[in-house]
Amino acid sequence: MGNQLDRITHLNYSELPTGDPSGIEKDELRVGVAYFFSDEEEDLDDRGQSERYTVRDPSPSETEGHILLNEIEFSAYSCQECIFSKLRGSQDLSVYPMQGLLTFCKPGDLLELIFICPTADHTLPPSPHWAVYIGQGQIIHLHRGEIRKDNVFEVGGGCMGRVVSSWYRYRPLTAELVLQNACGHLGLRSDEICWTNSESFAAWCRFGNREFKASGEVHSGNLQYFLKLHLEENNIHTMRFHSLEELIREKRNLDASGKLRVIKELSMMENKE
């Protein structure tokens, strides 16, 4: 099978390659597939609203259906190379209602779904949910331990969303390969899945990098990732990790915990040092 992508739902998952479908990874870093059940709770039907989703008063430019949220801004680095960026100064972080969002989505795009409607209990929502858009209002995503295809309005009818295809700065695969990656894994469940959250699965579909898989890269003292939290007044807090998997997990935990809470916790940590 090599690096050729075929429909794989009829194959035993242990037979699949773990490498980059684009053929750009180094053989000496190849590792075996690790099977993991998704450990991320992403209940898309029962989310609440946290303080990080407080909606600002719209400006004149925000009267056409998109809004800006109070949320944490991140950048991530592998050694000295920026591999992820979510910064308002250099990107449009606006979110849109589903109907408006789909007017400029293309098959192969990565979508981030965010629930911002107020609820009675105001419970904290889980992390934003990532999905691969395949066209005609359909998405493929990892949800509750299953790779599934759903109508985006049924999954995220009460959500806002945005296109996040450019947030990771790896070289993307062609749209055709992205769709083959996503469609080829439909129906996998439980221990057949080697991604621990929806973001890792969606990003793997678009970029093909084994680093997005659970235990997908060799831990090395020379391999380090840095996650930078961009807080108020040019305050940047940096965290170090030995794998992209660990960085994504922590980023999503922080994202779900709420901006005000994160600032408070980091302030307490810095005071102890």
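For a 22 Å ceiling on Cα separation, which of these pairs sit above it: Lys106/Lys149; Lys106/Lys251; Lys149/Lys228; Lys149/Lys213?
Lys106/Lys251; Lys149/Lys228
Would you work out which of His230, Leu244, Asn209 lies farthest towards the positive end of the dipole of the stretch 184-251? Charges go on Cβ: Lys and Arg +1, Asp and Glu -1.
Farthest towards the positive end: Asn209.
Can you pull the one-decimal nm distance between simple spin-label points at Thr238 and Glu154, each 7 Å off the Cα toward Cβ?
Between Thr238 and Glu154, the simple spin-label model gives 4.7 nm.
Please give the per residue accessible area of the stretch 152-221, computed with a probe of 1.4 Å over protein heavy atoms only, in Å².
Each residue of the stretch 152-221 exposes 34 Å² on average to a 1.4 Å probe.
The values are calculated or read from the model by the stated rules, or taken from the named source; none is laboratory data. None of these values were measured; they are calculated from a predicted model. All Cβ positions, glycine included, derive from the backbone under ideal geometry; neighbour counts span all protein chains shown. Side chains are part of the model used for accessible areas, which takes the heavy atoms of the whole protein and leaves out ligands, DNA and RNA. Shrake-Rupley method; radii C 1.70, N 1.55, O 1.52, S 1.80 Å.
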